[in-house]
Amino acid sequence: MSLLLSLDVVGRRALVAGAGTVAARRVRSLLDAGADVLVVAPEAGEDVARLASHGDVRWERRPAAASDLDDVWLAIAATDDADINMQIAAWAAERRVWCVNASDGLATAARVAAVSRHGDLSVGVVSEGAPDPARVARVRDGLAALLDAGQVDLRRVRRRGGRVILVGSGPGAVDLITVRGARLLSEADVVVTDRLGATGLLAALAEHVEVINVGKSPDNHPVPQHEINAILVDRAAQGLTVVRLKGGDPFIFGRGGEEVHACLAAGVPVEVVPGITSALAGPSLAGIPPTQRGIATSVVITSGHAGPDETARAALRSGATLIVLMGVTALPQFVEAALEEGAAGETPVAIIESATTPRERITRARLDDVLDVAAKSGIVPPAILVFGQVAAVDLLASALAATPAPPPS
Ligand code: SAH
């Protein structure tokens, strides 16, 4: 069994000993591949003589010598004398240079494949047994016909040129990513992920896909945003397809905008695939509709980091649904703000931890007892806080009950 290789011979010296018809064919394939071809032969056929007169090859009019093999990558022994070819092959072997012996395919190390080219694809056929060039060519032609007839799927799996795709993975469950997101994930050479979202998708990636985790873990700090941006740009500049897998939706408190900016500034093509945000999926799975006819016609999504801002206060005051992300620590501040804004003590509050994951937990309370309830149950991030009438335990049940029975048909 031999190894079938493709060699990049651009600019590399190759020796062709002999200049007849067989040698001329090898000279042409070497030239097509970009090799620096030296022909050594006392006489040349018309083709090689012409190539030499045009300066396409260097032709030295003399018999080959052992020293011709000293600085070449590859040799073709294609004289019309089998003994001389054998001698050249032996000189090549002494110097560990690969040599094709045109007069005896079994005697030397290298064989030339019969090749057909189809755009950027090349098909090469070699036989391992006794040389039978016509048979090998027939197999090559059969394969080439199949390809040229469009009977083989030749679609590129990888695009040319690097790019970055921000993919929203959804809140956590692997089947809450979009179809588009999943398809693009399967095109990725590199996946840059963090801690939240559907990280279970990573287990299904092909082995060769590089996974870079930039998320926080108990013993390491999260990678700073500018470094994440640099990773995205750097990998894309290497021509790779980079998927930035983000929890929920890339543009809801995901710093997706900064990543898009960094790509644009670096001239890297960037695409965004929306995801199901935990801000809406968390409440929805808990049976809490962020808006509900007659109960809440607006919804405000805010971050707990800086505490309740004016818009959050307005929502609490007006009875709009308020959804707080990153709000576990800030829960007391939001409760205080709600009371200050005149919300009733019985205003429903819901806390949804680790939505759509095996650790999911839903806690219900009222504005005036939620701090006690939360302290007792030991709420841990990631969690969504929901303030408003839509968070009432029996909302959907009572709404259904309140719906008039359909008229008899
Ligand atoms: N882009 C994300 C949000 C990123 S901010 C999205 O659209 O979902 C991170 C915050 O999102 C967490 O602190 C938490 O408040 C919330 N979060 C994300 N995933 C969550 C999940 N599975 N369950 C509950 N909250 C989640």
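So THR277 fits all but one of (1) β-branched (Val, Ile, Thr); (2) under 25 Å from SER354 (Cβ atoms); (3) surrounded by fewer than 21 Cβ atoms within 10 Å (Cβ to Cβ); what number is the exception?
(3)
Might you check whether a residue that is more than 16 Å from the ligand (Cβ to nearest atom), within 19 Å of the chain's Cα centre (by Cα), closer than 30 Å to VAL300 by Cα and assigned by TED's automatic domain parsing to the domain that holds GLY197 occurs anywhere in the stretch 229-252?
So far as the stretch 229-252 goes, yes, one or more of its residues are more than 16 Å from the ligand (Cβ to nearest atom), within 19 Å of the chain's Cα centre (by Cα), closer than 30 Å to VAL300 by Cα and assigned by TED's automatic domain parsing to the domain that holds GLY197.
Pairs please, first residue from the stretch 273-286 and in a helix (DSSP H, G or I), second anywhere and open to solvent by 10 Å² or more (accessible area, probe 1.4 Å) and more than 7 Å from the ligand (Cβ to nearest atom), Cβ atoms under 7 Å, 6+ apart in sequence or on different chains.
Qualifying pairs under 7 Å: ALA279/ILE301; LEU280/PRO290; ALA281/LEU176; PRO283/PRO290.
For the stretch 328-361, enumerate the residues that are open to solvent by 70 Å² or more (accessible area, probe 1.4 Å) and within 16 Å of the ligand (Cβ to nearest atom).
Across the stretch 328-361, the qualifying residues are THR329, GLN333, PRO358, ARG359, GLU360, ARG361.
Scan the stretch 53-74 residue by residue and report those that are modelled with pLDDT of 95 or more and part of a helix (DSSP H, G or I).
ALA66, SER67, ASP68, LEU69
Evaluate the following for THR321: is it closer than 15 Å to VAL390 by Cα and either open to solvent by less than 60 Å² (accessible area, probe 1.4 Å) or of a type outside the set (Lys, Arg) (or both)?
It is true that THR321 is closer than 15 Å to VAL390 by Cα and either open to solvent by less than 60 Å² (accessible area, probe 1.4 Å) or of a type outside the set (Lys, Arg) (or both).
Yes/no matrix, rows are residues, columns are (1) in contact with a Ser or Thr (Cβ under 6 Å, 6 or more places away or on another chain); (2) at positive phi; (3) open to solvent by 20 Å² or more (accessible area, probe 1.4 Å):
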| residue | (1), (2), (3) |
| --- | --- |
| VAL179 | no, no, yes |
| ALA182 | no, no, yes |
| ASP189 | yes, no, no |
| ASN213 | yes, no, yes |
| HIS221 | no, no, yes |
| HIS226 | no, no, yes |
| CYS263 | no, no, no |
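Any residue in the stretch 28-50 that's not assigned by TED's automatic domain parsing to the domain that holds ASP81: show its pairings with residues that are open to solvent by less than 20 Å² (accessible area, probe 1.4 Å) and assigned to a strand (DSSP E or B) at Cβ separation under 6 Å, as long as the two are six or more apart or on different chains.
Once the first residue is not assigned by TED's automatic domain parsing to the domain that holds ASP81 and sits in the stretch 28-50, no partner that is open to solvent by less than 20 Å² (accessible area, probe 1.4 Å) and assigned to a strand (DSSP E or B) comes close enough.
Considering the stretch 18-34 alone, what residues qualify as being of a type in the set (Gly, Ala, Ser), out of contact with any Phe, Trp or Tyr (no Cβ under 8 Å at 6 or more places or on another chain) and under 18 Å from ASP68 (Cβ atoms)?
The answer is GLY18, GLY20, ALA23.
The values are calculated or read from the model by the stated rules, or taken from the named source; none is laboratory data. Given the structure is predicted, the values throughout are model-derived calculations rather than measurements. Cβ atoms come from the backbone with ideal geometry, glycine included; neighbour counts cover every protein chain shown. Note: areas computed on protein heavy atoms with side chains; ligands, DNA, RNA excluded. Shrake-Rupley method; radii C 1.70, N 1.55, O 1.52, S 1.80 Å.
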